[in-house]
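Engineer: Below is one structure. I have some questions about it.
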Amino acid sequence: MPDINVTPLGAGQDVGRSCILVSIGGKNIMLDCGMHMGYNNDRRFPDFSCITQNGRLTEFLDCVIISHFHLDHCGALPYMSEMVGYDGPIYMTHPTKAICPILLEDFRKITVDKKGETNFFTSQMIKDCMKKVVPLNLHQTVQVKLELETYYAGHVLGAAVFQIKVGSESVVYTVNIHLGAAWIDKCRPDILISESTYTAPRSETPNAVLILVFALGRAQELCILLETFWERMNLKAPIYFSTGLTEKANHYYKLFITWTNQKIRKTFVQRNMFEFKHIKALDRSYADNPGPMVVFATPGMLHAGQSLQIFKKWAGNEKNMAIMPGYCVQGTVGHKILNGQKKLEMEGRATLDVKLQVEYMSFSAHADAKGIMQLIRMAEPRNMLLVHRESAVSQNTFELWTVHCYMPANGETTSVVKNPSVPVDISLNLLKREMALGGPLPDAKRHRTMHGTLIMKDNSLRLVSPEQALKELGLGEHQLRFTCRVQLHDPHSDTDTLTLIYTHLKSVLKSYSIQHVPDGTVIVESIVIKVTSSAEEPDLKVILLSWSYQVNKCD
């Protein structure tokens with residue numbers, strides 16, 4: 001029986017650098033190719049040595065699939081394709097293709113131009129990498145060496161759930177989903193690969209704050225939320241967002257308005273919700289003398305960029321506040337201050353005292369337990385594999401749904417044995433006959449034995465009643481009798497022995513029709529019983545039992 005093998009090259013039992021290798025039906029597929037924001041060396045990239053020690057990846061991989069544009073899912077893509085070596089197709093949605101190179105170039109500038117790091121991809125490598133991208137629409141099915149189908153994930157603009165099929169084997173990949181927005185067919189995949197990045201309870205604060213966000217996705221959602229609240233409450237405190245990347249992001253949200261949720265699409269006729277009235281671009285001088293204000297700054301984990309610059313200026317004042325509305329990976333400044341660290345070692349070994357208030361506000365775009373359970377109900381997978389996870393995730397949570405759950409570490413391969421299934425159509429008449437006999441209603445989740453005749457015709461299988469099979473195939477019905485012999489010693493005559501057998505059967509088989517006919521036989525339903533003996537050994541009786549069984553035979 002064929003196996004489906006899944007090996008995390010990143011995000012196996014941590015958060016960041018999502019990269020999953022799936023081997024299915026003889027095809028090798030890489031799911032996402034992200035970067036870890038907490039490292040400044042080669043550990044930021046997935047461990048491609050699990051695939052090959054030397055040489056290019058083109059000979060090994062059939063395709064690469066990118067679920068969305070966040071750097072922990074696409075940040076290592078140019079490194080993988082241009083520096084390690086991969087020339088095959090890279091599948092992602094149209095919005096992801098438009099936004100991905102912007103984020104990659106922005107991070108390259110911070111890493112190389114400002115920090116002076118080496119062993120990093122160049123601007124030209126980003127462009128060359130994006131030439132290999134094959135953009136997809138939602139609900140589009142692509143058939144190449146395998147079959148791909150995309151579904152709406154609702155995580156960020158252009159995020160997609162991917163169903164991968166090779167023959168009768170299938171895998172569904174959805175790392176980040178948005179509860180209530182994500183949707184998928186009841187496709188019953190062999191494996192559902194999902195994230196398990198859980199978040200803490202919500203907190204609220206009335207203070208003017210620095211809100212640390214990623215440029216795309218959560219920033220736009222929070223902007224719409226604050227814009228609506230400021231409008232309704234007639235608030236005057238200014239709201240600013242950091243210029244540059246977020247402005248470009250808003251442009252793409254306007255451009256791909258059809259990829260947003262139904263509420264935003266409905267209001268688009270009257271007003272584009274990304275045309276903000278209360279939210280203005282941030283002048284960097286405002287950060288030097290902060291008054292009552294709300295500032296959105298990127299990136300959300302405080303590992304670099306304008307958010308870190310503003311944080312350094314505001315950290316020494318206990319009246320200021322920083323709100324973290326999402327998850328921060330280990331090693332970043334965001335993760336450190338969320339864990340209560342009050343002294344930070346910055347670049348050049350300088351020490352920064354953290355006096356400002358730090359709050360965690362759960363506005364995560366990642367799936368929680370309810371979101372994953374919702375996905376299980378929709379897709380009904382046979383097995384579950386969790387990645388991008390925290391240690392708090394309980395494997396038993398999902399096994400309560402009778403789904404086998406796996407949580408492999410990086411470099412650890414999980415093999416799922418695929419039990420071959422043969423689809424068979426069942427005739428309506430046969431189902432009606434089963435119902436008439438008092439059988440339970442058909443249930444896709446429960447196994448049930450059906451009796452009938454299996455017909456193979458035109459490369460398909462159908463289970464029908466014997467009568468329907470005879471009619472369709474033009475066969476005549478014949479009777480075939482089976483006989484067995486039982487020997488016993490009895491001094492009585494053949495007739496008396498048969499009478500004794502008849503009397504005994506009448507006493508023990510009271511609910512059956514038993515006849516003693518004049519031709520010297522006993523009939524029990526369709527079973528015929530006769531008694532014979534030989535002249536040489538009259539006491540040795542041979543009891544013949546004969547019964548019929550229906551078979552189909554050509555005339």
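Engineer: Any idea which residue in the stretch 484-530 is nearest to residue 547 (Cα to Cα), counting only those that are touching a residue at least 12 places away in the same chain (Cβ under 8 Å) and open to solvent by 80 Å² or more (accessible area, probe 1.4 Å)?
Structural biologist: Selected residue: 525.
Engineer: Do the conditions hold for residue 97, that is, is it part of a helix (DSSP H, G or I), at pLDDT 95 or above and of a type in the set (Lys, Arg)?
Structural biologist: no
Engineer: Restricting to the stretch 201-237, name every residue that is assigned to a loop (DSSP other than H, G, I, E, B), touching a Pro at 6+ places or on another chain (Cβ under 8 Å) and modelled with pLDDT of 65 or more.
Structural biologist: Answer for the stretch 201-237, where residues must be assigned to a loop (DSSP other than H, G, I, E, B), touching a Pro at 6+ places or on another chain (Cβ under 8 Å) and modelled with pLDDT of 65 or more: 213, 214, 237.
Engineer: Considering only the stretch 461-483, state which residues are part of a helix (DSSP H, G or I) and either open to solvent by 90 Å² or more (accessible area, probe 1.4 Å) or in contact (Cβ under 8 Å) with a residue 24 or more places away in the chain (or both).
Structural biologist: 466, 467, 468, 469, 470, 471, 473
To keep it simple, each residue is scored yes or no on (1) outside the structural domain of residue 458 (by the TED database); (2) polar (S, T, N, Q); (3) in a strand (DSSP E or B).
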site	(1), (2), (3)
485	yes, no, yes
491	yes, no, no
496	yes, no, no
512	yes, no, no
528	yes, no, yes
532	yes, yes, yes
543	yes, no, yes
546	yes, yes, yes
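Engineer: Against the definition (part of a helix (DSSP H, G or I) and open to solvent by 30 Å² or more (accessible area, probe 1.4 Å)), how does residue 72 come out, yes or no?
Structural biologist: The answer is no for residue 72.
Engineer: Here is a further query. For the stretch 16-37, which residues satisfy the criterion of being assigned to a loop (DSSP other than H, G, I, E, B) and surrounded by fewer than 24 Cβ atoms within 10 Å (Cβ to Cβ)?
Structural biologist: Those that are assigned to a loop (DSSP other than H, G, I, E, B) and surrounded by fewer than 24 Cβ atoms within 10 Å (Cβ to Cβ): 25, 26.
Engineer: Separate question: Select, from 421, 427, the only residue that is at pLDDT below 85, hydroxyl-bearing (Ser, Thr, Tyr) and open to solvent by less than 90 Å² (accessible area, probe 1.4 Å).
Structural biologist: 421
So that you can scan it fast, the table gives a plain yes or no per residue for (1) assigned by the TED database to the domain that holds residue 72; (2) modelled with pLDDT under 85; (3) more than 30 Å from residue 335 (Cβ to Cβ):
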position: 397; (1), (2), (3): yes, yes, no
position: 402; (1), (2), (3): yes, yes, yes
position: 410; (1), (2), (3): yes, no, no
position: 442; (1), (2), (3): no, yes, yes
position: 445; (1), (2), (3): no, yes, yes
position: 455; (1), (2), (3): no, no, yes
position: 459; (1), (2), (3): no, yes, yes
position: 466; (1), (2), (3): no, no, yes
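The values are calculated or read from the model by the stated rules, or taken from the named source; none is laboratory data. As the structure is a computational prediction, the values presented were derived from the model and not from experiment. All Cβ positions, glycine included, derive from the backbone under ideal geometry; neighbour counts span all protein chains shown. Heads up: the accessible areas ignore ligands, DNA and RNA and are worked out on the full protein's heavy atoms, side chains in. Shrake-Rupley method; radii C 1.70, N 1.55, O 1.52, S 1.80 Å.
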